[in-house]
Amino acid sequence: MNESSRRQHLFVIQQLTAREIKRKYARSSLGIVWSLLNPLLSMVVLSLIFSQLFRRSIENYPIYYLSGYILWQAFTESTNAAMTTLSDNKALLLKVKFPMELFILTRVYTAVINLGYSLAAYAVMLFVFRITPKWTMLLSPAIFLCLTLFSLGLSYLLATAYVFFGDVKHLYSVALTLWMYCSAIFYPVEQLQGAIRTVIQLNPLYRYIYCLRKAVMYGTLPTGMEWLHMLLSSIGALALGYWVFKKSRNAIMQKI
């Protein structure tokens, strides 16, 4: 790809992203403020329910929960939106010769922007709950990058599958519910034993959440194995997703 094409594609992504953001908040009076309020309201509700239950095992439970929730929200938002993007943009795909990848990248990029808004609320909560700034917090962007690559890889798979099998949207919704409970967002995995604990610890999303909590709440560096786990899961998901998408490109164009 030459420099001119690269700039053109970046411009298209920017324009499509702006369109996605405007469409998302078109009928909302508060607009992007909801990206700040949503994690905070969820934190308040879950804190009221679970803070007493886990107060002996989890210090600063609201931050513990919020650290997991913002990553989970970014993942679900990007993959759910990207899954239908090829069908949603059928007219553009048939009329304009842009790479199909741009539409998937746009949905994931939009979710990353919304994650940025949520992180603003997260930073305020860190201050409110007097979480001492730690140099390990500087590692957070690397964790967010791993999450983004993992989400993009899964988005390629879901977008491809949805073109041929529309029911994948409903199946994925069910899978997300199970996945959420296996990500230890609002409970401590240390209280679990046996196979279920092993399953959760092998879950890539749990590893991103766990490492973010270590870096932000406890000032602890992720271990070498934890970094390796995050890198392999993110790059592996991206490589697999893009390979499947690339192999199915012609069939996708014929189907839509």
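FYI, it's all coordinate maths here, none of it is from the lab. Keep in mind it's a predicted model, so treat the numbers as computed, not measured. Every residue, glycine as well, gets a Cβ built from its backbone with ideal geometry; the counts of neighbours run over all protein chains shown.
In whole Hz and in residue order, list the ³J(HN,Hα) couplings for segment 159-169 that follow from phi through the Karplus curve 6.51 cos²θ - 1.76 cosθ + 1.60, θ = phi - 60°; x for Gly and Pro.
Computed from phi, the couplings for segment 159-169 are 5, 5, 5, 5, 4, 9, 8, x, 5, 4, 4 Hz.
In the P(r) worked out for segment 167-222, what percent of Cα pairs fall beyond 13 Å?
Distances greater than 13 Å cover 64 percent of the Cα pairs.
May I ask you to derive the FRET efficiency for Val244 and Val128 from their Cβ-Cβ distance with R0 = 30 Å, giving the value to the nearest 0.05?
0.10
Going down the table (Lys169/Lys247; Lys134/Lys246; Lys95/Lys246; Lys214/Lys246), which pairs top 32 Å between alpha carbons?
From Lys169/Lys247; Lys134/Lys246; Lys95/Lys246; Lys214/Lys246, over 32 Å: Lys134/Lys246; Lys214/Lys246.
Along the three principal axes, how long is segment 178-256 when you take its alpha carbons, biggest first, rounded to the nearest angstrom?
If we take the Cα atoms of segment 178-256, the spans are 50, 26, 20 Å.
Whole number please: convex hull volume per residue of the Cα set in segment 123-256, in Å³?
137
Return the Rg/Rh value of segment 85-125, two decimal places, where both radii are evaluated on C-alpha atoms and Rh is the Kirkwood radius.
Answer for segment 85-125: 1.24.
Within segment 88-197, which chymotrypsin sites (Phe, Trp or Tyr not before Pro) sit in a loop by DSSP and count at most 10 neighbouring Cβ atoms inside 10 Å?
Listed in order of number, the matching sites are Phe165.
Using only the Cα atoms of segment 79-183, what semi-axes does the equivalent ellipsoid have when each is the square root of 5 times a gyration tensor eigenvalue? Give whole Å, largest first.
Result for segment 79-183: semi-axes of 32, 17, 11 Å.
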